[in-house]
Amino acid sequence: MKKFIPTIVIACALHLAVSNAVQAAPLKEKIKIAQEQVHKQEQKININKASAEQLEGIPGVGAKKAQAILDYRNKNGDFSSVDDLINVKGIGKKMMQKMKGSISI
């Protein structure tokens with residue numbers, strides 16, 4: 001019997017460790033998601049300051065649309081709102097929906 005007590009203690013300790021790890025996993029996942037959201041917010045592209053290359057980092061924006069944004073900005077001055085991008089040729093409501101989470105002023 002004395003030989004089995006250490007084995008039982010080790011088994012109980014392992015069970016507790018695994019149970020705690022399983023319970024902690026959802027919390028760790030929530031923390032990771034929150035950190036990713038903060039990181040994404042920090043990475044928003046300022047449409048008033050971005051270069052053509054940086055503008056191409058916006059979803060749906062390639063070289064031509066980036067240049068159109070720069071041309072519009074040079075002609076009309078800084079955007080007062082991200083929604084002003086709708087005035088740029090080639091950017092419609094659907095495109096704005098794709099872009100909104102990635103841009104700032």
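Throughout, read-outs are computed from the coordinates displayed, never taken from laboratory work. Every value quoted in this text rests on a predicted model; they were computed, and no experiment measured them. Neighbour counts are summed over all protein chains in view; Cβ atoms, including those assigned to glycine, are modelled from backbone coordinates with ideal geometry.
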Which entries in Lys65/Lys89; Lys30/Lys94; Lys49/Lys94; Lys49/Lys100; Lys32/Lys94; Lys32/Lys98 show an alpha-carbon gap greater than 18 Å? Lys30/Lys94; Lys49/Lys94; Lys32/Lys94; Lys32/Lys98
Once phi for every residue in segment 90-103 is put through the Karplus expression 6.51 cos²θ - 1.76 cosθ + 1.60 (θ = phi - 60°), the whole-Hz ³J(HN,Hα) values, with Gly and Pro written as x, are x, 10, x, 4, 5, 5, 4, 4, 5, 7, 3, x, 10, 10
In nm, to one decimal, how far is the modelled label at Ala52 from the one at Asn87, with both set 7 Å along Cα→Cβ? 2.2
Can you list residues from other chains, or at least 5 along the same chain, whose modelled amide H is less than 5 Å from the amide H of Ile103? Ile45
From the backbone phi of segment 51-68, what are the Karplus-calculated ³J(HN,Hα) couplings (6.51 cos²θ - 1.76 cosθ + 1.60, θ = phi - 60°) in whole Hz, Gly and Pro given as x? 7, 4, 4, 5, 4, 5, x, 7, x, x, 9, x, 4, 5, 5, 4, 5, 4
